[in-house]
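The structure appears right after this line, and notes come after that.
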Amino acid sequence: MVNRRQMLMGLGGVAASAGLFGYAGPVLAAGKVSRGAKSVLIVVDVQNCFVPGGSLAVKEGDVIVPLINKIAKTFNNVVLTQDWHTADHVSFASQHSGKKPFEAVKLAYGNQVLWPDHCVQGTEGASLVKDLSIPHAQLVIRKGYHKDVDSYSAFMEADGKTSTGLGGYLKQRGIKRVFVVGLATDFCVAWTAMDARKQGFETYVIEDACRGIDAQGSLAKAWSSMKTAGVKRIQSGDLA
Ligand code: VGL
Ligand code: ZN
């Protein structure tokens, strides 16, 4: 049992107010978001294909790398993801005759946007961007490796039922709070964040450490879906 004296010591100078107003969590400067002890940073798909010069380049995708490196230094727990497709992946327009990138097709599991070939397993395009520097990252999770199923989300493939195992991994490690950064805001970041919420994690997307593809209004749509799902939209400066 923590006695009152230990509690007051732990809380330091603000403890006096705790008795009056109740104590709801870490005491922060106004508007600041605490990482908390049981948090993880998920760095989504910072891969060569998604930065300028890559086959599915996201505008300014490279610009966020130094910021991601800096944010990652402040997290004890970091997970990286890699989009990791077979060369004949169903999400590639090249596999559908008469279809062009950014058109959509209907597959067994629903609508699928078609992309230029990207992030093929073992290729340079699928490698993490060389300037990404997060040596203390604990796990690299690959996704989209089933030829017939895409996986924007780091938690759940696009069929909505095949798990990557990431949710179980984070839960077994006692993680409660998930922060998401990376590429692309409107696809893999958004789907990862919404699935994190769905699995019960308190979830934040750090907007300035992400960049989007924004095909046909997809960026605004993604933010609106994330809001509905209960994902919190913050800036890196909001971190305590
Ligand atoms: C992504 C489209 C296709 C992403 C991956 O990382 O956001 N987008 N594959
Ligand atoms: Zn992909």
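The values are calculated or read from the model by the stated rules, or taken from the named source; none is laboratory data. Please read these numbers as outputs of a predicted model, since none were measured by experiment. Don't worry about glycine lacking a Cβ; one is built from the backbone with ideal geometry, like all the others, and counts go over all protein chains shown. The protein model used for the area step is the full one, side chains on, heavy atoms only, and it has no ligands, DNA or RNA in it. Shrake-Rupley method; radii C 1.70, N 1.55, O 1.52, S 1.80 Å.
Of all DSSP beta bridges located in the chain, what percent are antiparallel, nearest 5?
On the way: 6 of 32 bridges.
Restricted to the chain, the bridges split so that about 20 percent are antiparallel.
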note = For residue 240, placing the label point 7 angstrom along Cα-to-beta-carbon and taking segment 72-90, residues whose amide nitrogen sits under 17 Å are 74-77
key: residue 94-residue 32 pseudo-label distance in nm [points 7 Å out on the Cα-to-Cβ vector]   = 4.9 nm
ask   = Residue-wise, which Karplus ³J(HN,Hα) couplings in Hz belong to segment 116-133, taking 6.51 cos²θ - 1.76 cosθ + 1.60, θ = phi - 60°, and x for glycine or proline?
value = x, 3, 7, 6, 6, 2, x, 8, 4, x, 8, 5, 5, 4, 4, 7, 5, 10
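How much length is gained on full extension from residue 161 to residue 145, taking 0.36 nm per residue of separation minus their Cα-Cα distance?
Numbers: separation 16, 0.36 × 16 = 5.76 nm, distance 1.49 nm.
Taking residue 161 through residue 145 to full extension adds about 4.3 nm, to one decimal.
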message = Output wanted: per-residue J couplings in Hz (rounded whole) for segment 31-45, from phi through Karplus 6.51 cos²θ - 1.76 cosθ + 1.60, θ = phi - 60°, x for Gly and Pro.
response = x, 8, 10, 7, 5, x, 6, 9, 10, 9, 9, 9, 9, 8, 6
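From the cross-link list 38/221; 161/232; 59/232; 73/147; 32/130, which pairs have alpha carbons spaced over 28 Å apart? Show your work: numbers first, answer last.
Details: 38/221 30 Å; 161/232 25 Å; 59/232 23 Å; 73/147 35 Å; 32/130 31 Å.
Beyond 28 Å between Cα atoms: 38/221; 73/147; 32/130.
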query = Kirkwood hydrodynamic radius of segment 77-194 from all distinct Cα pairs, in Å?
reply = 15.1 Å
note = What the Cα atoms of segment 195-238 span along the principal axes, largest first and in whole Å, is 30, 25, 12
task = Using per-residue counts of other Cβ atoms within 10 Å, averaged over each peptide, order 226-239, 182-195, 55-68, 145-158 from highest down.
result = 182-195, 145-158, 55-68, 226-239
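Could you work out the helix-only [θ] at 222 nm for the chain, with each DSSP H run of four or more residues adding -39,500 (n - 2.57) and the total divided by the number of residues, to the nearest 500 deg cm²/dmol?
Numbers: 6 runs with 52 residues, N = 240.
Dividing the helical sum by the residues of the chain leaves -6000 deg cm²/dmol.
Suppose all protein chains stay in the model; what accessible area per residue would a 1.4 Å probe give for the chain, in Å²?
Working: 11840 Å² over 240 residues.
Here the per-residue accessible area is 49 Å².
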The chain - Kirkwood radius from inverse mean 1/r over Cα pairs (Å) = 18.9 Å
